[in-house]
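Below is one structure, written out as structure tokens, with a few remarks after it.
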Amino acid sequence: MIRKLLSLAALIVPAAALAEAPPADPLGSPMWAHHAGKLFGGAPVMFDPQVKVDLPMLAENQHVLPVTVDARALGKVTRIVIFADLNPIPIAVEYTPLAAHAFVATRIKLDQRTPVRAAVLTADGVWHVAGAWVDAAGGGCSAPPLSRVRGDWADHLGELRGAVWHGADGARVRLSLRHPMDTGLVENIAAYNIEQVTIADAQGALLARMVVHGSVSEDPAFTLMLAPVTSGDLAVRARDTGGMEFSGSLSAASGPRIAAATLR
């Protein structure tokens, strides 16, 4: 019996030893080790300048901080996570580019000065991380959205807006959904947010999928890059934490039509 236990221990210890401690944080965040442990689960992690994270150094409006992540230089990417270390709701978006490029842009809320990062998982199981500190006055997650103040949020809930622009490197898709994106951190307002968005082609094949959290800004907006072969209208579906489902379509010719109308 003792021999069997020792044999099992010999098998377990090497497996546990495979879990790697996250590298030292160049941004010096007090929450880096905590988030790295939860997000990466012992998988290899590296800070990588090939992950381009474009964001302002100062949040002029802590309710709407633009974040763009471009990880196309890494090759095959299976997941992109955008998170802010010191936010009460750290993760904003978990993006799976099924038949899309490793590119995503959105807008998030900040509750205080914090590192904002992108963690990109490549097909070889390695996480590539980049980001920067952003100064913010605070309160982005703990103040009611404008639609709550105006009282018109229910009249426009789930409305889809967007367009598609085709180029040599693929189709750029810009879409937004009307939603208050309540964090649950405002008195007497429960958490209520879009939690999943999918994009499919005209044949129903999924092109991209994302999990969305309450730290994404009100009326969440996303910009994605699809493969050049994408053609036809795109089907957008979303679901929120209240069980409401929303759907709509984006015409493949919508971008050129908007451009033509602008020039008139």
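The values are calculated or read from the model by the stated rules, or taken from the named source; none is laboratory data. All of these numbers come straight from a predicted model, not from anything done at the bench. Note that each Cβ is placed from the backbone with ideal geometry, even for glycine, and that neighbours are counted across all protein chains shown. The protein model used for the area step is the full one, side chains on, heavy atoms only, and it has no ligands, DNA or RNA in it. Shrake-Rupley method; radii C 1.70, N 1.55, O 1.52, S 1.80 Å.
Taking the Cα centre of the chain as reference, the dipole from Cβ charges on Lys and Arg (+1) and Asp and Glu (-1) amounts to some 480 debye.
Please report, as a whole percent, how much of the solvent-accessible surface of the chain comes from carbon and sulfur atoms (probe radius 1.4 Å). Each step should come with its number before you reach the end.
On the way: 7520 of 12950 Å².
Result for the chain: 58 percent of the exposed heavy-atom area is carbon or sulfur.
Give the separation of the Cα centroids, region 206-223 to region 91-159, in Å. Comparing the Cα centres of region 206-223 and region 91-159, I get a distance of 7 Å.
First select every other residue whose beta carbon is under 15 angstrom from the beta carbon of Glu94; then total the charges, Lys and Arg +1, Asp and Glu -1. Present the calculation step by step, with values, prior to reporting the outcome.
Values: positive: Lys38, Arg79, Arg117, Arg209, Arg239; negative: Glu195.
In short, +4.
Taking 20 Å as the straight-line reach from the Cα of Lys76, the aspartates and glutamates in range (excluding those fewer than 8 positions away in the same chain) are Asp48, Glu94, Asp124, Asp169.
Contact order for the chain, expressed relative to its length and based on alpha carbon pairs under 8 Å spaced 6+ residues apart, stands at 17 percent. The figure for Thr68 is an accessible area of roughly 40 square angstrom, using a 1.4 Å probe on the protein chains alone. Membrane-span-like helices in the chain, defined purely by DSSP H runs whose alpha carbon atoms cover 15 Å or more axially and whose average Kyte-Doolittle hydropathy reaches -0.5, are 2-17. Within the chain, the longest run free of exposed loop sites, counting GluC sites (Glu not before Pro) that sit outside DSSP helix and strand states (H, G, I, E, B) and have at most 14 other Cβ atoms within 10 Å, spans 61-158.
Report, in deg cm²/dmol and to the nearest 500, the calculated mean residue ellipticity at 222 nm for the chain, where each DSSP H run with n ≥ 4 adds -39500 (n - 2.57) and the sum is divided by the residue count. Write out the running numbers ahead of the final one.
Numbers: 4 runs with 40 residues, N = 264.
Taken over the chain, the calculation gives -4500 deg cm²/dmol.
Between Asp135 and Thr68, the modelled label-to-label distance comes to 2.3 nm, taking each label 7 Å out from Cα in the direction of the beta carbon.
Computed about its Cα centre, the charge dipole of region 83-160 is approximately 180 debye, with only Lys, Arg, Asp and Glu carrying charge at their Cβ.
Build a GNM of the chain with springs between Cα atoms under 10 Å: which of Ala130, Ala238, Ala168 gets the top mean-square fluctuation? Result: Ala168 has the largest fluctuation of those listed.
When the residues Leu86, Leu175, Leu58 are ordered by accessible surface, computed with a 1.4 Å probe over the protein chains alone, the sequence from largest down reads Leu58, Leu86, Leu175. Ligands, DNA and RNA are left out, and with a 1.4 angstrom probe the accessible area of the chain is 49 Å² per residue. Positive-end ranking of Pro22, Ala105, Ala168 along the dipole of the chain, with charges on Cβ about the Cα centre, is headed by Ala168.
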